[in-house]
Amino acid sequence: MIENNKLEQRLKEGAFAVTAECGPPKGADPEAVMKKAEMLKGKVDAVNVTDNQTAIVRLSSLAACSLLKSAGLDPVLQVVVRDRNRIALQSDILGAAALGIRNVLCLSGDHQGFGNQPEAAGVFDLDSIQFIQVVKTMRDEGTILGGEPLSKSPDLFIGAAANPFADPLSFRVVRLAKKIRAGADFIQTQCIYNLDRFEKWMEMARDRGLTEKVFILGGVTPLKSVGMAKYMRNKVAGMDIPDAVIDRMEKVPKEKQREEGINICVETIQRLKEIEGVHGVHVMAIEWEEAVGEIVEKAGLLPRPRS
């Protein structure tokens, strides 16, 4: 077991793990990260730091992870292949390990055309599955891509993302299997609103024995408003928000919609806790980190165990 890794420890102990997400600031302000750290401390087992999410230029994930670690949190470094070639990817992995960051989430990244630098060149030298395999080789075999040995292997818990809501459903399970085979230790999913679809995906994963090979954390995002719900359903690729969720938000007065969004999120977590093969929950409340503690408490997941 990786020393001082709360996330790995919780999962291997069989506890229901809780992770959250932290978006770095659009500037060089460390206090913005530390403020979010205070909101999340004691509420979750680990904190993902997004890597220029939606292709918007932000403080680097690696720097923000280092700040979170200094504040006593267990960070999860998100790394996207959009912006780096294989040299830079491997270099950042070594840098993270040297700083004592023990979790990494290997991602493709949102296309640069969606962000504030749409003319930027997309790198995509490796895809996310290849990247997972490279990190596993660095850790387990102590070599970089091509076989050259490292002076010290990076000691990492490797994560990947999964979207149970893209079509076709059968391929989503095949892609999950590929990521596990490449070396993923844990999976964090796209945010879940269509629980029936998610349960079907989990059933297919169980039938293939995949839930015995990897730790799956179900993703949840609290809705702030019915407008947010509609935007996500209509504009965000791979998002599945049923009419029943939209209708429920619409029936609530505007001033109560945030509260209702939290209620829906809590109810989703309660249902996720009952699904065989779900090992935890990943709360994605970007720029609403203050809601994480309330959500986790209402879901009966506080206090978090201490290492």
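Each reported figure results from applying straightforward, stated rules to the coordinates on display, with no laboratory input. Since this is a predicted model, take the numbers as computed values, not measurements. Because the Cβ atoms are built from the backbone with ideal geometry, glycine has one as well, and the counts that use them run over all protein chains shown.
Values for this structure:
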{"read-out": "Base-10 log of normalised Debye intensity for segment 1-133 (one unit scatterer per alpha-carbon) at q = 0.09, 0.12, 0.15, 0.22 Å⁻¹", "value": "-0.26, -0.46, -0.72, -1.36"}
{"read-out": "Nearest-0.05 FRET efficiency for residue 207 and residue 29, computed from C-beta distance (R0 35 Å)", "value": "0.15"}
{"read-out": "Square roots of 5 times each gyration tensor eigenvalue, C-alpha, segment 125-178, largest first, Å", "value": "28, 11, 8"}
{"read-out": "The chain - convex hull of alpha carbons, volume per residue in Å³", "value": "130"}
{"read-out": "Relative contact order %, the chain, counting alpha carbon pairs below 8 Å whose residues are six or more apart", "value": "19"}
{"read-out": "Cut-off 16 Å (backbone N to label point 7 Å along Cα→Cβ of residue 125), residues of segment 148-166", "value": "148"}
{"read-out": "Cross-link partners of residue 6 among lysines (Cα-Cα below 24 Å; sequence separation of 8 or more within a chain)", "value": "35, 36, 41, 43, 69, 136, 152, 179, 213, 273, 298"}
{"read-out": "Value of [θ]222 nm, deg cm²/dmol, for the chain, DSSP H segments ≥ 4, -39500 (n - 2.57) each, nearest 500", "value": "-12500 deg cm²/dmol"}
{"read-out": "Segment 24-141, relative contact order [Cα under 8 Å, separation at least 6], %", "value": "26"}
{"read-out": "Cα-projected label distance for residue 85 with residue 38, points at 7 Å along beta-carbon direction, nm", "value": "4.4"}
{"read-out": "Isotropic mean projected area of the C-alpha convex hull, segment 221-280 (nm²)", "value": "4.4"}
{"read-out": "Relative packing of 132-142, 180-190, which averages over residues the other C-beta atoms within 10 Å, highest first", "value": "180-190, 132-142"}
{"read-out": "Residue-span extension gain [residue 166 to residue 232] - 0.36 nm each, minus C-alpha spacing", "value": "22.4 nm"}
{"read-out": "Cleavage-rule hits (GluC sites (Glu not before Pro)) in segment 1-53: DSSP loop, at most 14 neighbouring Cβ within 10 angstrom", "value": "3"}
{"read-out": "Ranked packing of 54-63, 269-278, most packed first, by mean Cβ within 10 Å", "value": "54-63, 269-278"}
{"read-out": "Global form of segment 59-188, assessed from the alpha-carbon gyration tensor, a/c cut-off 1.5", "value": "rounded"}
{"read-out": "Residue-wise HN-Hα coupling along segment 180-191, computed from phi with Karplus coefficients 6.51, -1.76, 1.60 (Hz; x: Gly, Pro)", "value": "5, 4, 5, x, 5, 8, 9, 10, 10, 9, 4, 4"}
{"read-out": "Derived scalar couplings ³J(HN,Hα) [segment 39-54; Karplus, 6.51 cos²θ - 1.76 cosθ + 1.60; whole Hz; x for Gly, Pro]", "value": "5, 9, 4, x, 9, 9, 8, 7, 10, 6, 10, 5, 10, 6, 4, 6"}
{"read-out": "Top positive-direction residue, dipole computed over the chain with Cβ charges, set 14, 85, 291", "value": "14"}
{"read-out": "Nearest 10 degrees, 0 to 90: helix 226-235 Cα axis against the chain principal axis", "value": "50"}
{"read-out": "Fraction of antiparallel bridges per DSSP, the chain only, in percent to nearest 5", "value": "5"}
